[in-house]
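The values are calculated or read from the model by the stated rules, or taken from the named source; none is laboratory data. This is a predicted model, so every value here is computed, not measured. Cβ sites come from the backbone with ideal geometry, for glycine too, and all protein chains shown count toward neighbours. Each accessible area value is taken on the protein alone, full model and side chains, heavy atoms only, with ligands, DNA and RNA left out. Shrake-Rupley method; radii C 1.70, N 1.55, O 1.52, S 1.80 Å.
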Amino acid sequence: MLEQLCPCCSGKPFDSCCRLYLSGKAYPGKAEALMRSRFSAFVTGNLPYLRKTWHPDTCPELTSEDLNTQWSRLEVIRSKPGLKKSIVEFKAWFVEDGTERALHEISLFKLYKKRWVYVEPLSEWP
Ligand SMILES: [Zn+2]
């Protein structure tokens, strides 16, 4: 059987990439890895993981309807790692009506209880 590649487009096998985080065996030590694992959580429909990795102040009420998007691939454009705050710019591609479109976002991540969590989108690169 062929090894399943990670949905986050890292080129690594799923088992040695985001699955480690999605299964709870490990927690991403870097904001970019967290961002990638959240994309994989959207792809695989892992709502508990999305809640766990969202800052409690900004986490919306997530339902299975939030998982209806047909994600196709992830493209990390740049990231700015920091000690307590990190920023990642990416394009998350999805298919709608047979056309591939991208959600382009600059995301803010913060260290919360010693773990990286997603906070919110920023309007521009700082
Ligand atoms: Zn991955």
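In region 1-13, which residue that is modelled with pLDDT of 95 or more and more than 7 Å from the ligand (Cβ to nearest atom) is surrounded by the fewest Cβ atoms within 10 Å (Cβ to Cβ)? Explain how you work it out, then say what you get.
Kept after step one, since they are modelled with pLDDT of 95 or more, are these residues of region 1-13: 5-13.
From the residues that got through so far, the ones that are more than 7 Å from the ligand (Cβ to nearest atom) too are 5, 9, 11, 13.
Details: Leu5: 13, Cys9: 17, Gly11: 8, Pro13: 13.
Top of the filtered list is Gly11.
Given the criterion farther than 26 Å from Lys113 by Cβ, of a type outside the set (Lys, Arg) and more than 16 Å from the ligand (Cβ to nearest atom), identify the matching residue among Thr63, Thr99.
Numbers: Thr63 fails: farther than 26 Å from Lys113 by Cβ.
Being farther than 26 Å from Lys113 by Cβ, of a type outside the set (Lys, Arg) and more than 16 Å from the ligand (Cβ to nearest atom) holds for just one of Thr63, Thr99, which is Thr99.
Identify the single condition in (1) away from the ligand (no atom under 11 Å from the Cβ); (2) out of contact with any helix residue (DSSP H, G or I) (no Cβ under 7 Å at 6 or more places or on another chain); (3) open to solvent by 50 Å² or more (accessible area, probe 1.4 Å); (4) at pLDDT 95 or above that Trp71 does not satisfy, given that it satisfies every other one.
Checking Trp71 against (1) away from the ligand (no atom under 11 Å from the Cβ); (2) out of contact with any helix residue (DSSP H, G or I) (no Cβ under 7 Å at 6 or more places or on another chain); (3) open to solvent by 50 Å² or more (accessible area, probe 1.4 Å); (4) at pLDDT 95 or above, the one that fails is (2).
Go through the residues of region 38-47 one by one and say whether even a single one is farther than 19 Å from Pro7 by Cα and either surrounded by fewer than 20 Cβ atoms within 10 Å (Cβ to Cβ) or in contact (Cβ under 8 Å) with a residue 60 or more places away in the chain (or both). Even if it seems obvious, please write down each step before you answer.
Going through region 38-47, the residues farther than 19 Å from Pro7 by Cα turn out to be none.
Checking region 38-47: not a single residue is farther than 19 Å from Pro7 by Cα and either surrounded by fewer than 20 Cβ atoms within 10 Å (Cβ to Cβ) or in contact (Cβ under 8 Å) with a residue 60 or more places away in the chain (or both).
Condition test on Asp57, is it modelled with pLDDT under 95 and open to solvent by 30 Å² or more (accessible area, probe 1.4 Å)? Working first, answer last.
Values: modelled with pLDDT under 95: no; open to solvent by 30 Å² or more (accessible area, probe 1.4 Å): yes.
For Asp57, the condition - modelled with pLDDT under 95 and open to solvent by 30 Å² or more (accessible area, probe 1.4 Å) - is not met.
Looking at region 20-35, which of the residues that are out of contact with any Pro (no Cβ under 8 Å at 6 or more places or on another chain) and crowded, with 16+ Cβ neighbours inside 10 Å is farthest from Pro121 (Cα to Cα)? Before you say what the answer is, go through the steps one by one.
So the first thing to find is which residues in region 20-35 are out of contact with any Pro (no Cβ under 8 Å at 6 or more places or on another chain), and the list is 20, 22-29, 33, 35.
Checking the rest, the ones that are also crowded, with 16+ Cβ neighbours inside 10 Å come to 20, 22, 28, 33, 35.
On the way: Leu20: 25, Leu22: 22, Pro28: 20, Ala33: 17, Met35: 12 Å.
My answer is Leu20.
Consider Glu96 carefully, then state whether it is surrounded by fewer than 18 Cβ atoms within 10 Å (Cβ to Cβ), farther than 16 Å from Pro7 by Cα and touching a strand residue (DSSP E or B) at 6+ places or on another chain (Cβ under 7 Å). Before the answer, list the steps.
Values: surrounded by fewer than 18 Cβ atoms within 10 Å (Cβ to Cβ): yes; farther than 16 Å from Pro7 by Cα: yes; touching a strand residue (DSSP E or B) at 6+ places or on another chain (Cβ under 7 Å): no.
So Glu96 does not fit the description; no.
If you go through region 103-115 one residue at a time, how many are touching a Lys or Arg at 6+ places or on another chain (Cβ under 7 Å) and more than 17 Å from Ala92 (Cβ to Cβ)?
Residues flagged as touching a Lys or Arg at 6+ places or on another chain (Cβ under 7 Å) and more than 17 Å from Ala92 (Cβ to Cβ) within region 103-115 amount to 2.
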